[in-house]
Amino acid sequence: MLRIDRDNTGGLRLTFVLRPDTPRGRVSVVGDFNDWRPGQHELRPRSNGTRSVAVIVPEGTDVRFRYLGEDGHWCNETEHPDVRQIGEDSVIRVAAPRRPREA
């Protein structure tokens, strides 16, 4: 699961969220925002049972990423409707969330 929110600095906060057991063990998100360095953005347990980590990215950029679990287990984002798969990577164009129109 992936959430996009506006950050108070003017960028966008991209929050990567996984269920507690998929994949098992420690997991980090790696991508072009951290030069594909494992461990730099490790997902941490949350009180609701999920694991997550957030990064700030400029609006309008394409973000390429994957999840890397223990023992070299790679997996991709499969739940967000705007994420597309290019080769082995997940890619999303980061845009500000749309606000509902007022009637």
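Values computed for the structure shown
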read-out: Every residue from region 39-65 that is outside any strand (DSSP E or B), surrounded by 14 or more Cβ atoms within 10 Å (Cβ to Cβ) and out of contact with any helix residue (DSSP H, G or I) (no Cβ under 7 Å at 6 or more places or on another chain); value: 43, 50, 59, 61
read-out: Subset of region 16-34 that is assigned to a strand (DSSP E or B) and not hydrophobic (A, V, I, L, M, F, W, C) - its residue that is surrounded by the fewest Cβ atoms within 10 Å (Cβ to Cβ); value: 28
read-out: Contacts under 9 angstrom Cβ, first residue in region 39-57 being under 15 Å from residue 24 (Cα atoms) and in contact (Cβ under 8 Å) with a residue 24 or more places away in the chain, partner assigned to a loop (DSSP other than H, G, I, E, B) and of a type in the set (Lys, Arg), 6 or more apart; value: 43/26; 49/19; 50/19; 51/19; 52/46
read-out: Which numbered condition residue 13 misses (of (1) surrounded by 14 or more Cβ atoms within 10 Å (Cβ to Cβ); (2) more than 14 Å from the chain's Cα centre (by Cα)); value: (2)
read-out: Condition met for residue 77 (among the acidic types (Asp, Glu), in a loop (DSSP other than H, G, I, E, B) and more than 15 Å from residue 13 (Cα to Cα)); value: yes
read-out: From the options 56, 4, residue that is under 12 Å from the mean Cα position of the chain (by Cα) and over 21 Å from residue 84 (Cβ atoms); value: 56
read-out: Test result for residue 90, outside any helix (DSSP H, G or I), modelled with pLDDT of 90 or more, of a type in the set (Gly, Ala, Ser) and touching a Ser or Thr at 6+ places or on another chain (Cβ under 6 Å); value: no
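The values are calculated or read from the model by the stated rules, or taken from the named source; none is laboratory data. Fair warning: this is a prediction, and the values are worked out from it, not measured in the lab. Positions of Cβ are backbone-derived with ideal geometry, glycine not excepted, and every protein chain shown enters the neighbour counts.
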